[in-house]
1. So Gly212 clears everything in (1) farther than 27 Å from Pro108 by Cα; (2) crowded, with 17+ Cβ neighbours inside 10 Å except one condition, right? Which one?
2. For Asp142, state whether it is outside the structural domain of Phe290 (by TED's automatic domain parsing) and in contact with a strand residue (DSSP E or B) (Cβ under 6 Å, 6 or more places away or on another chain).
3. Are any of the residues in region 219-237 assigned to a helix (DSSP H, G or I), over 29 Å from Arg123 (Cα atoms), out of contact with any Ser or Thr (no Cβ under 9 Å at 6 or more places or on another chain) and of a type outside the set (A, V, I, L, M)?
4. Among the residues of region 248-285, how many are within 19 Å of the chain's Cα centre (by Cα), part of a helix (DSSP H, G or I) and modelled with pLDDT of 85 or more?
5. From Thr58, Thr19, Thr33, Thr28, grab the single residue that is at pLDDT 90 or above, outside the structural domain of Arg282 (by TED's automatic domain parsing), more than 22 Å from Ser281 (Cβ to Cβ) and not hydrophobic (A, V, I, L, M, F, W, C).
6. So which residues in region 1-31 are touching a residue at least 60 places away in the same chain (Cβ under 8 Å) and part of a helix (DSSP H, G or I)?
7. Considering only residues that are without any contact (Cβ under 8 Å) to a residue 12 or more places away in the chain and part of a helix (DSSP H, G or I), look in region 32-51 and name the one that is nearest to Gly61 (Cα to Cα).
Amino acid sequence: MADRRLQVFHAVAKHLSFTKAGEALHMTQPAVTFQIKQLEERFNTRLFERGGARVSLTAAGEVVLDYAERILGLSNELDIRIAEMTGQMSGSLLVGASTTIAEFMLPPILGEFNVRYPQVRARLTVANSDAISNAVAAHTLDIGLIESKATHPALQCEVCGDDELQVVCTPGHPLASRTEVDARSLLAHDFIAREPGSGTREVTDDYLRACGIDPGKLKTLMELTSPEALKGVVATGLGCSIVSRASFEKERQLGSLIAIPLRPPLRRTLSLVYPKERFRSRVVLTFVDFAKAKLHELTA
């Protein structure tokens, strides 16, 4: 129900690009430009500075953006409230998940949720835990599933399970014959790490420090953003790594890699995060309860 001009303005302000805003709204660039021109004529002031391919908000544009976000948010709440009063479970669900959860735990959860609630349109964003937490705090995602506890003051965090991390290597690696690996033993071997900012990297570094080891002392050959890429590199025999047990089932069955528990064991929490003190639709609340129960089942 919100003014179309505000919707277009909001898209341009967020993308800082008329072209990208048009793509997001499925509009031509001339149509986007026309809507912005109408809004600028309505307020009798420029809302954007245009310099070649660069676009930036004017002071007036910053004010309009603040109000546009509130107006569009209220309009969305109105649609949701009325739909809920009529008994419908429908609408969009913007879910973010850190890489390991997205690749190895979330697909069956989203699949079963879709079967139960076919009118809900879920959209998944995959990034590391820091990026997901920041996106939820910025209200660009409804809910996030991350591999650590969120510390952002704007977020509510609910622990919904845990996950064990283990050392992985090829069957021919020097560590392969061990039944357990203590943290200090890792210093003698080449190591493949996840990237800074990932939940796996954060919990691994914290674990090493708790064992009295500086993570910087590891013989780290490379840092990778994907668990699949990391396992692929380890499978070449280049080094060992630490990965989630949940991400390892395929390689365990194939025998291409083996996993060895750490001593003491390394476990991390899996958490759901969502904004504090903000309207949450029945779709979001239902998914929170559903995902918590399913993650608990998967990690039990």
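1. Evaluating Gly212 over (1) farther than 27 Å from Pro108 by Cα; (2) crowded, with 17+ Cβ neighbours inside 10 Å leaves (2) as the failure.
2. Details: outside the structural domain of Phe290 (by TED's automatic domain parsing): no; in contact with a strand residue (DSSP E or B) (Cβ under 6 Å, 6 or more places away or on another chain): yes.
Taking the combined requirement at face value, the residue does not satisfy it.
3. no
4. Kept after step one, since they are within 19 Å of the chain's Cα centre (by Cα), are these residues of region 248-285: 268-276, 280, 283-285.
Filter once more, keeping what is part of a helix (DSSP H, G or I): 283-285.
If we keep only those that are modelled with pLDDT of 85 or more too, we end up with none.
Number of matching residues: 0.
5. On the way: Thr19 fails: at pLDDT 90 or above; Thr33 fails: at pLDDT 90 or above; Thr28 fails: at pLDDT 90 or above.
Going through Thr58, Thr19, Thr33, Thr28 in turn, just one is at pLDDT 90 or above, outside the structural domain of Arg282 (by TED's automatic domain parsing), more than 22 Å from Ser281 (Cβ to Cβ) and not hydrophobic (A, V, I, L, M, F, W, C): Thr58.
6. Hits for region 1-31 are Leu6, Gln7, His10.
7. The initial filter retains those residues of region 32-51 that are without any contact (Cβ under 8 Å) to a residue 12 or more places away in the chain, namely 34, 37, 40-41, 44, 49-51.
Narrowing the set further to residues that are part of a helix (DSSP H, G or I) leaves 34, 37, 40-41.
On the way: Phe34: 16, Lys37: 13, Glu40: 9, Glu41: 13 Å.
Per the criteria, the residue is Glu40.
Here is a yes/no grid of residues against (1) buried (at least 16 other Cβ atoms within 10 Å of the Cβ); (2) free of Cβ contacts under 8 Å to residues at least 12 places away in the same chain; (3) closer than 18 Å to Leu224 by Cβ:
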residue: Leu93; (1), (2), (3): yes, no, no
residue: Glu112; (1), (2), (3): no, no, no
residue: Ser129; (1), (2), (3): yes, no, yes
residue: Ala138; (1), (2), (3): no, yes, no
residue: Leu155; (1), (2), (3): yes, no, no
residue: Val168; (1), (2), (3): yes, no, yes
residue: Ala193; (1), (2), (3): yes, no, yes
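The values are calculated or read from the model by the stated rules, or taken from the named source; none is laboratory data. This structure is a prediction, so every number in the text was calculated from the model and none was measured. Please note: Cβ atoms are built from the backbone with ideal geometry, for glycine as well, and neighbour counts cover all protein chains shown.
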